[in-house]
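Worksheet for the structure shown next.
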Amino acid sequence: RELRLLSRDRNFLFQTLLVPIFVVGSQIVFNGKLNSMSELGQHHTLAAAIAFGLGVYVLMLSAFQTLNNEGHVLWLLYTVPRSIESVLKEKAQLWAGLTMIYPAVVLGVSVWYSTHFEWSMLVLVLTVAAGIPIYSMIAVSLGVFACDPQAVDVRTRVRPTYVYLYMLLASFYTWSIYSNVWSQKLV
């Protein structure tokens, strides 16, 4: 159903899949932190943080809106012979799979421009690869709590406090990408 929604609603497609690229790319260009794509091969921690940040941002615009996209036909989820939890898990898996494309591209560019292999690069890749599915589940879960599908005004359907909580949790995980202490990474 989500893929059908993406193919029909071009605004939703643009908002969820293309806007994050423009936002993150413009931040990189305007802040002057990255002068060329080849610098991603030299700064692996920065590349991992960009990859995870882009993935989390995509999830915030897509998986966070799972129940909100159902709108007034939310009652249909109660009529299918499956539990709502299994439907939400499948939607989280779908968004995690689609979102993994973005970090894979960023990390692939980083590996392409890298001059030598370091084991820390593998740890960063695994950290990002583990974080995207975790944050997909967190986004769907917080999106359920934040959603008010019966709100008349579209802008009030998602409470912003849950979006802020999601971004705060994502910043903690990003901090673990930058941390060099293993105990802090695990926590």
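So, of the residues in the range 78-126 that are over 28 Å from V144 (Cβ atoms) and β-branched (V, I, T), which turns out to be modelled with the lowest pLDDT? Only one residue fits best here, namely T115.
Checking the structure you have, find out if any residue of the range 28-38 is in a helix (DSSP H, G or I), hydroxyl-bearing (S, T, Y) and at pLDDT below 75. Give the steps one after another, and end with the answer.
Our first condition is that a residue be in a helix (DSSP H, G or I); within the range 28-38, this holds for 28-31, 37-38.
Pick out the ones that are also hydroxyl-bearing (S, T, Y) and you get 38.
In the following step, the residues that additionally are at pLDDT below 75 were identified as 38.
So far as the range 28-38 goes, yes, one or more of its residues are in a helix (DSSP H, G or I), hydroxyl-bearing (S, T, Y) and at pLDDT below 75.
In summary, helices (runs of 4 or more DSSP H) completely within the range 106-187 and bearing 2 or more residues that are surrounded by 15 or more Cβ atoms within 10 Å (Cβ to Cβ) and not β-branched (V, I, T) occur at 119-146, 160-178. Pairs linking a residue in the range 49-61 that is in contact (Cβ under 8 Å) with a residue 60 or more places away in the chain to a residue that is hydroxyl-bearing (S, T, Y) and surrounded by 22 or more Cβ atoms within 10 Å (Cβ to Cβ), with Cβ atoms under 6 Å and 6 or more positions apart or on different chains, are G55/T99; G55/Y102; V56/Y135; L59/T99; L59/Y135; L59/S136.
Under the condition of being of a type in the set (A, V, I, L, M) and open to solvent by 50 Å² or more (accessible area, probe 1.4 Å), which residue from the range 47-76 is modelled with the highest pLDDT? The qualifying residue modelled with the highest pLDDT is L76.
With respect to (1) at pLDDT 90 or above; (2) touching a strand residue (DSSP E or B) at 6+ places or on another chain (Cβ under 9 Å); (3) not charged (D, E, K, R), the lone exception for A146 is condition (1).
The values are calculated or read from the model by the stated rules, or taken from the named source; none is laboratory data. The structure displayed is predicted, hence computed values, not measured ones. Note that each Cβ is placed from the backbone with ideal geometry, even for glycine, and that neighbours are counted across all protein chains shown. Remember, those area values only see protein heavy atoms, side chains included, never the ligands or the DNA or RNA. Shrake-Rupley method; radii C 1.70, N 1.55, O 1.52, S 1.80 Å.
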